[in-house]
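First the structure, in the form of structure tokens, and then the observations on it.
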Amino acid sequence: MVKVGWAGLRGRFLLLVLAIFLLVGALSAFGFHRISERAVLRLGSGYATQYAQRQQARIQAKLEREVVLAEKLVNSPLLQAWAQNENDPNLRKQALRELDSFRNLFADRSYFFIVDKSKNYYFNNAQDEFRGQELRYVVKRDDPRSNWYFDTIEKVDSFALHVDNSPQLGLTKVWINAVVKEGTQKLGLGGSGLDLTEFLKEVVQSSDPGVQTVLVDREGIVQGHYDSELMAKNAGIKDETKRLKIFELLEPAQRAVFQQKLSSLTTSPDKIDHFQIEREGRQVIVGAAFMPDVDWIALVFVDPNQVIELTQFLPILAVLGLALLVSLLLISYTIDRLILRRLSKLTVSTQEIAAGQYGVDLEIDRNDEVGQLTRSFNHMTATVRDYTHNLELKVEERTEELRQSNEKIMDSIHYALLIQSALLAKPSELKTAFLDSFTFWRPRDIVGGDYYTLYTAPNGSFLLAVADCTGHGVPGAFMSMASKALLDRAVASRGLEDPADLLVELNTTLQELLQQEEPGSQNGLDIGILYGKTGDSRIRYAGARMPLWVQRPGQAIEVIKADRCSLGYTKSEAQLRITNHDLDLPRGTRLFLLSDGILDQPGGPKGFGLGPKRLQEAFLKWEKIPLSAMNDHLDQMIAEYSGSAAQRDDITVVGVAL
């Protein structure tokens, strides 16, 4: 008896594989979770702390040097003496020389000095622009722009850093404001500044990917930010209490925790802290370092998903790889033990059957699923063996029938091509009517719905027509021959001189011939007709949805629009109103009539149609080339533009020169 259900071979195999995958999957998921969680937290926190410490060192080194120089400046006995006796010309000369020596030491190559008694503000910059005019303006208590000076002189004993915009000087800088004192008496302020743009670029905006640095004071007021526009706007607010604080850039739920962390940090100057916040829906690690010398805090926002390299997760990948390897080994062993060894003989025999040796009978040595499979194979082989011979004979017969049918069809289509080609105007006929000419006719499916024809009269008159009938292939060819016959009849009865009248007549006769009642199977054509006389500069054009392109010598191509109607359709009016366009053109003018197949031909990098612009540019480029030689150029252009794209529609282009 063959075992079935969970007690059989298939059931035991599925249960075992399921148990292995559940066990290995659970262990891998647990290991991945634990390792990745620890790695992200450890590496992200360490990175944030180290980056904050590095920024702290860079900022302090940058600012402390300027602070030391500013303090040295205000402690100069000469400058202190001058601040008390500003009008002494000798002291003034020496003091300005002293200030100029400090100017060359400051990184910004600038200084400022304010005498408290007179409130005079002295300044010179790196270009030495104000030599001899160092006195720039006077700070006034009733001037809001001077509030910074009075706030500093009243509240600061040694120095203060201040991000500010000076409208009088037209500068936005990080200013180092040091107090000039003799004993406890404050004599004024002196110092320098760092250009905010360069300062932010060097210290704040040079962060690595995934890292953003922000500088704040102990109140949280933003002193440096990676957004230069935000900093410029903040520096323009004169009331520091109203300047943007870092808490305003955080989500409301994060502000209290953030403020508590900063307050704790300022009470422990040597502490470098890190903590996690949620920012724009993502977990971000913040490294913070307090700089007591300048009373600022460096904040480093680290996105761990961007800064932690993939190599950090190699242990996780190793665990997953090992788990996958163990799974594959266990599954391979199980398949080999329960199935493959027993199927090896069956495999050899089935390969012989696959090679066409249907006389092989497989040995049945087990009564399980494999034995049942072997028995079914034997029955199948016997059945196939009975049908194979007859089937092969039938396939050969049908293949031969199809080949013969296909040959007949293709012969008929090629013969139809000969018939359709006979309807087209001959090159010799075009030579009698025009100075130069070319025709480019390429049906999509051997034969097609496009055609061009020429009618001439003994008096030298000619009528050139290009038509684009509905469809392509054999249906299009039938349509083209029917419309050509009707056009012949219209020309015979009405003459050549009135192209618009011919189109109205062709529309009427086509509607009568086709008798189209079903709107879903409409047929008709677009057509353009030229009438003129050999040697005459005047031509007459009429068109139904087929415009005329006119290329006068040395000029851009002018498009004479056709009437917006097609011929022969049920929706076409019985009595159309077609317009004749009379043109007087100079000798050598080139005229082009073309079906829309060439304009719709797909190609280029995006598969768009060739379009009128590209084709007109090509005609202008080929203006000096004889029309009779343009076939090859046009063929090459279409091939290069189309690339691997198939031809979408029948293509016809006829060009003549008057």
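The values are calculated or read from the model by the stated rules, or taken from the named source; none is laboratory data. Not measured: the values here are computed from a predicted model. Cβ sites come from the backbone with ideal geometry, for glycine too, and all protein chains shown count toward neighbours. All accessible areas refer to the heavy atoms of the entire protein, side chains included, with ligands and DNA or RNA removed. Shrake-Rupley method; radii C 1.70, N 1.55, O 1.52, S 1.80 Å.
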Seminar exercise, completed: Karplus ³J(HN,Hα) for the range 618-627 (6.51 cos²θ - 1.76 cosθ + 1.60, θ = phi - 60°; Hz, whole; x = Gly/Pro) runs 5, 4, 5, 5, 9, 4, 7, 8, x, 4
Exercise. Heavy-atom accessible area of His162 with all protein chains present, probe 1.4 Å, nearest 10 Å²?
Worked result: 20 Å²
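From Cα pairs below 8 angstrom and at least 6 apart in sequence, can you work out the relative contact order of the range 456-549, rounded to a whole percent?
Working: 113 pairs, mean separation 34.3, N = 94.
36 percent.
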Exercise. What are the principal axis extents of the Cα atoms in the range 390-537, in Å, biggest first?
Worked result: 75, 39, 20
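Order 482-491, 459-468 from most to least packed using the mean count of other Cβ atoms within 10 Å. Can you show the working numbers first?
On the way: 482-491: 18.7, 459-468: 21.9.
My ranking of the peptides, most packed first, is 459-468, 482-491.
Ala500: net charge of surrounding residues, Cβ under 13 Å, Lys/Arg +1, Asp/Glu -1, itself excluded?
Values: positive: Arg494, Arg540, Arg577; negative: Glu497, Asp498, Asp501, Glu505, Asp563, Asp582.
So the environment of Ala500 carries a net charge of -3.
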Problem set entry | Volume in Å³ per residue [convex hull over Cα atoms, computed for the range 570-658] | 141 Å³
Exercise. Given H placed on each backbone N at 1.01 Å, which residues far from Gly188 in sequence or on other chains put an amide H within less than 5 Å of it?
Worked result: Asp116, Val180
Exercise. Rounded to the nearest 10 Å², what accessible area does Leu325 show when all protein chains are kept and the probe is 1.4 Å?
Worked result: 90 Å²
Exercise. So for Met410, Met231, Met380, what's the accessible-area order with a 1.4 Å probe, most first?
Worked result: Met380, Met410, Met231
For this session: Could you pull out the pairs from Lys484/Lys561; Lys408/Lys484; Lys533/Lys613; Lys426/Lys613; Lys155/Lys186 whose alpha carbons sit more than 20 Å apart here?
Result: Lys484/Lys561; Lys408/Lys484; Lys533/Lys613; Lys426/Lys613
Exercise. Quick one: Karplus J couplings for the range 502-514, per residue in order, coefficients 6.51, -1.76, 1.60, θ = phi - 60°, nearest Hz, x for Gly and Pro?
Worked result: 4, 5, 4, 5, 5, 4, 5, 5, 5, 4, 5, 6, 7
Seminar exercise, completed: Note, the range 407-423: 3J(HN,Hα) by Karplus (6.51, -1.76, 1.60, θ = phi - 60°), whole Hz, Gly/Pro = x, goes 4, 5, 5, 5, 4, 5, 5, 5, 5, 4, 4, 4, 5, 5, 4, 5, 6
Exercise. Suppose R0 equals 25 Å; then what is the FRET efficiency for Leu423 and Asp445 from their Cβ-Cβ distance, rounded to the nearest 0.05?
Worked result: 0.90
Exercise. Under a 5 Å amide H to amide H cut-off, with H placed in plane at 1.01 Å, what residues pair with Phe130 once short-range neighbours are removed?
Worked result: Asn125
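Tell me the per residue accessible area of the range 508-658 using a 1.4 Å probe; a whole number in Å² is fine. Before the final figure, lay out the partial values.
On the way: 7760 Å² over 151 residues.
Per-residue value: 51 Å².
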Seminar exercise, completed: Rg (one decimal) and Dmax (whole number) from the Cα set of the range 398-452, in Å, equal 16.2, 56
Problem set entry | Unit charges on C-beta of K, R, D, E only; dipole of the range 431-490, Debye | 80 debye
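Please go through the range 58-107 and write out the chymotrypsin sites (Phe, Trp or Tyr not before Pro) that DSSP classes as loop and that have at most 15 other C-beta atoms within 10 Å. Don't skip to the end; give the middle numbers.
Working: sites: Trp82, Phe102, Phe106; in loops: Phe106.
When the chymotrypsin sites (Phe, Trp or Tyr not before Pro) of the range 58-107 are filtered for loop state and at most 15 Cβ neighbours within 10 Å, nothing remains.
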Seminar exercise, completed: Taking 0.36 nm per residue of separation between Thr399 and Glu640 and subtracting their Cα-Cα distance, the length gained on full extension comes to 83.0 nm
Exercise. GluC sites (Glu not before Pro), restricted to the range 509-618: which are DSSP loop and have at most 16 other Cβ atoms within 10 Å?
Worked result: Glu517, Glu573
Problem set entry | Most positive-pole-ward Cα, Ser412, Thr432, Tyr452, against dipole of the range 376-473 from beta carbon charges | Thr432
